[in-house]
1. Could you please give the count of residues in the range 1-35 that are within 13 Å of residue 89 (Cβ to Cβ) and crowded, with 24+ Cβ neighbours inside 10 Å?
2. Can you pull out the residues in the range 127-149 that are away from the ligand (no atom under 11 Å from the Cβ), surrounded by fewer than 24 Cβ atoms within 10 Å (Cβ to Cβ) and either among the polar types (S, T, N, Q) or within 14 Å of the chain's Cα centre (by Cα) (or both)?
3. Look at residue 188 and say whether it is small (Gly, Ala, Ser), under 30 Å from residue 138 (Cβ atoms), in contact (Cβ under 8 Å) with a residue 40 or more places away in the chain and surrounded by 13 or more Cβ atoms within 10 Å (Cβ to Cβ).
4. Going through the range 150-186 one residue at a time, which ones are of a type in the set (Lys, Arg) and away from the ligand (no atom under 14 Å from the Cβ)?
5. Given the condition under 20 Å from residue 9 (Cα atoms) and in contact (Cβ under 8 Å) with a residue 60 or more places away in the chain, answer yes or no: does some residue in the range 58-81 qualify?
6. Taking the condition touching a helix residue (DSSP H, G or I) at 6+ places or on another chain (Cβ under 6 Å), within 10 Å of the ligand (Cβ to nearest atom) and closer than 20 Å to residue 245 by Cα, does residue 194 pass?
7. Can we say residue 22 is part of a strand (DSSP E or B) and within 12 Å of the ligand (Cβ to nearest atom)?
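What follows draws every value from the coordinates through simple rules; no lab data is involved. This one's a predicted model, so the numbers in the text were calculated from it and none came from an experiment. Positions of Cβ are generated from backbone atoms using ideal geometry, with glycine treated the same way; all protein chains shown enter the neighbour counts.
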Amino acid sequence: MAKPEIALDGKVALVTGGGGGIGRAAALALASAGADVAIIDVIPERCDELVARVTEMGRRALGITGNVMDRDAAAGAVETTAAHFGRLDILVNNAGGVSWRPFVDLKPQNWQRHIDMNLISNLAATSAAIPHMIKAGGGAIINVTSIEASRAAPGYAVYAACKAGINNLTRTLALELSDHGIRINSIAPDSTDTPGMKGIFTGSADPSRWPEATPQRKETLRRRIPLGRPGIDHESGTLIAFLASPLASYITGTIIPIDGGTWAGGGWIRDAGGKWVLPPDLTSID
Ligand SMILES: NC(=O)c1ccc[n+]([C@@H]2O[C@H](COP(=O)([O-])OP(=O)(O)OC[C@H]3O[C@@H](n4cnc5c(N)ncnc54)[C@H](O)[C@@H]3O)[C@@H](O)[C@H]2O)c1
């Protein structure tokens, strides 16, 4: 039997928010598996950097500067990719974002921004991609949701509702698209080191330039996450490339946590001595 390998030669992928963080890692993982890759990102330098990296890897690349909160831009990125490469096999709906505020303090325009960013962008790109995948004889869609889609998320109510909506869209479309050979899955990260998590919203997305986490943050994550550390962007990127590949040929309609065990933990955290406890045994972790 051949050695199992993520092989995407001849495939074309589009990654939304592909210039930084999990999206960038997904674009690089897809390219290293052999795919040609397009990204859409709001930051032009990040598009340029990613195109240069993918080109160095010997794959074709396309950077589209645009904002997926505009549904026409999200759908347009799909059409531009398919026109440029002649096909579309893989869509990674990664772009998303959140700001913290209690629900009672949110105004309708705040709801709308979260919905446009986390839900409508996904619907627009997915809807545009399906006809191209049907034409190609099949495809793979990977949605990046969040652990917050599956539990209460105080201060992140609308974001969590959108991500939960995407998880159920994933299940529903797995059935609706199965006859076309299109598989659709979600990955659900917990804290993962990315430019967004580090508060870097412009400029380079190169992880080697990010500041080191404070000792306090490291300790917080050690206590809260069973594996004791934040996720690394390429761990999510590799999972996305796997789900896009023939190795995942029997996987559709799933929500895969990539969270160091947080979801399994269900509220258990380490105390200062490393013993697993449930609140109210908890002393402050800050
Ligand atoms: N990092 C985490 O801890 C974490 C945890 C759970 C879920 N997620 C989800 O993972 C996804 C990626 O998160 P990340 O932390 O890698 O993000 P990030 O902010 O680090 O990077 C996102 C990239 O998308 C681009 N972008 C932002 N808004 C855009 C828009 N409107 N249109 C086009 N491009 C846009 C940014 O320029 C950036 O390059 C999001 O959907 C997020 O909700 C992240």
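1. Keep residues of the range 1-35 that are within 13 Å of residue 89 (Cβ to Cβ), which gives 7-15, 30, 33-35.
If we keep only those that are crowded, with 24+ Cβ neighbours inside 10 Å too, we end up with 8, 12-15, 30, 35.
Summing the residues that are within 13 Å of residue 89 (Cβ to Cβ) and crowded, with 24+ Cβ neighbours inside 10 Å in the range 1-35 gives 7.
2. The answer is 127, and nothing else.
3. Values: small (Gly, Ala, Ser): yes; under 30 Å from residue 138 (Cβ atoms): yes; in contact (Cβ under 8 Å) with a residue 40 or more places away in the chain: yes; surrounded by 13 or more Cβ atoms within 10 Å (Cβ to Cβ): yes.
For residue 188, the condition - small (Gly, Ala, Ser), under 30 Å from residue 138 (Cβ atoms), in contact (Cβ under 8 Å) with a residue 40 or more places away in the chain and surrounded by 13 or more Cβ atoms within 10 Å (Cβ to Cβ) - is met.
4. Narrowing the range 150-186 to residues of a type in the set (Lys, Arg): 151, 163, 171, 183.
Listed by number, the residues that qualify are 171, 183.
5. Looking only at the range 58-81, we keep the residues that are under 20 Å from residue 9 (Cα atoms), and these are 58-63, 78, 81.
Those still in the list that are in contact (Cβ under 8 Å) with a residue 60 or more places away in the chain too: 78, 81.
Yes; the residues of the range 58-81 include at least one that is under 20 Å from residue 9 (Cα atoms) and in contact (Cβ under 8 Å) with a residue 60 or more places away in the chain.
6. Values: touching a helix residue (DSSP H, G or I) at 6+ places or on another chain (Cβ under 6 Å): yes; within 10 Å of the ligand (Cβ to nearest atom): yes; closer than 20 Å to residue 245 by Cα: no.
Spelling it out, it is not the case that residue 194 is touching a helix residue (DSSP H, G or I) at 6+ places or on another chain (Cβ under 6 Å), within 10 Å of the ligand (Cβ to nearest atom) and closer than 20 Å to residue 245 by Cα.
7. Working: part of a strand (DSSP E or B): no; within 12 Å of the ligand (Cβ to nearest atom): yes.
So residue 22 does not fit the description; no.
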